[in-house]
1. Is at least one residue of segment 70-79 touching a residue at least 24 places away in the same chain (Cβ under 8 Å), over 25 Å from Glu52 (Cβ atoms) and either in a helix (DSSP H, G or I) or aliphatic (A, V, I, L, M) (or both)?
2. Looking at segment 158-193, which of its residues are more than 17 Å from Arg117 (Cβ to Cβ), without any contact (Cβ under 8 Å) to a residue 60 or more places away in the chain and in contact with a helix residue (DSSP H, G or I) (Cβ under 9 Å, 6 or more places away or on another chain)?
3. For segment 85-98, give me each residue that is touching a residue at least 60 places away in the same chain (Cβ under 8 Å) and not in a helix (DSSP H, G or I).
4. Being in a helix (DSSP H, G or I), closer than 30 Å to Glu125 by Cβ and either touching a strand residue (DSSP E or B) at 6+ places or on another chain (Cβ under 9 Å) or without any contact (Cβ under 8 Å) to a residue 40 or more places away in the chain (or both) narrows it down to one residue among Glu66, Glu55; which is it?
5. Please determine whether any residue of segment 72-85 is among the aliphatic types (A, V, I, L, M), on the phi < 0 side of the Ramachandran plot, modelled with pLDDT under 95 and open to solvent by 80 Å² or more (accessible area, probe 1.4 Å).
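The values are calculated or read from the model by the stated rules, or taken from the named source; none is laboratory data. Model, not experiment: these values are computed from the prediction. Here the Cβ positions follow ideal geometry from the backbone for every residue, glycine too, while neighbour counts run over all protein chains shown. Quick note on the areas: whole protein, heavy atoms, side chains included, nothing else; ligands and nucleic acids left out. Shrake-Rupley method; radii C 1.70, N 1.55, O 1.52, S 1.80 Å.
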Amino acid sequence: MTNITKRIIAGAVGFIILFILTMTWLYPYSIFSLHKSYAYTPDPVMVDGYLEDVEEFNDIFEKDLEKLESETPLDMTVERAQYILPLFEQEWLVSKNTHKMKEEDLETMLFEVRNTRETLLSLVEQGDYSKEQRGYLVLSIESLLSLEESIVDFQNSSFSSRKTLKIQFHNLHVGFMNNFMMFSTFYERSTEI
């Protein structure tokens, strides 16, 4: 091999490496990306407000859960809420720290949202709610469906830039917060005496 051939091969390899590194940086979830992850840092003020709401809800829920053990018949809303709450208490939602979000994390989120929706649908079948309470339940389910669609759209946009990913993760974070508010409103209305 001549020197010119070696230089051409070295230049081509260098270009390919540079291309892959650039694509990995600019488009973290693209097919060219090596790690397929994005470091998301939430808005700390937003997290503080959300944490206050979650803690306030948990105080009420824990008291309801204690009462549940002695109640007959079983309050299905309280009983099922314990399986729904983990969706809204995910580490990336309640922490101000930067989180490395991988493609698998999005898949896990989607799975958990779908399971929560199924749990709420089971309440439609088994719960005895007033028209108003049922309305809040339906709104909560519809809100989860919208969140599912957002996650699926997010997964299908593999060539999103870092700037776009920042906006998408922020919107996803807000979507989870809104869903929590919908669920907590339904819960409060359905456990009122």
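1. Checking segment 70-79: at least one residue is touching a residue at least 24 places away in the same chain (Cβ under 8 Å), over 25 Å from Glu52 (Cβ atoms) and either in a helix (DSSP H, G or I) or aliphatic (A, V, I, L, M) (or both).
2. Once the filter is applied, which keeps residues that are more than 17 Å from Arg117 (Cβ to Cβ), without any contact (Cβ under 8 Å) to a residue 60 or more places away in the chain and in contact with a helix residue (DSSP H, G or I) (Cβ under 9 Å, 6 or more places away or on another chain), segment 158-193 yields Gln168, Asn171, Arg189, Glu192.
3. Gln90
4. The unique qualifying residue is Glu66.
5. Within segment 72-85, one or more residues are among the aliphatic types (A, V, I, L, M), on the phi < 0 side of the Ramachandran plot, modelled with pLDDT under 95 and open to solvent by 80 Å² or more (accessible area, probe 1.4 Å).
Let's see how each residue does on (1) part of a helix (DSSP H, G or I); (2) open to solvent by 10 Å² or more (accessible area, probe 1.4 Å); (3) aromatic (Phe, Trp, Tyr); (4) under 20 Å from Phe61 (Cβ atoms):
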| residue | (1), (2), (3), (4) |
| --- | --- |
| Lys100 | no, yes, no, no |
| Phe111 | yes, yes, yes, no |
| Leu121 | yes, yes, no, no |
| Glu125 | yes, yes, no, no |
| Tyr136 | yes, yes, yes, yes |
| Ser140 | yes, no, no, yes |
| Leu144 | yes, no, no, yes |
| Ile151 | yes, no, no, no |
| Lys166 | yes, yes, no, no |
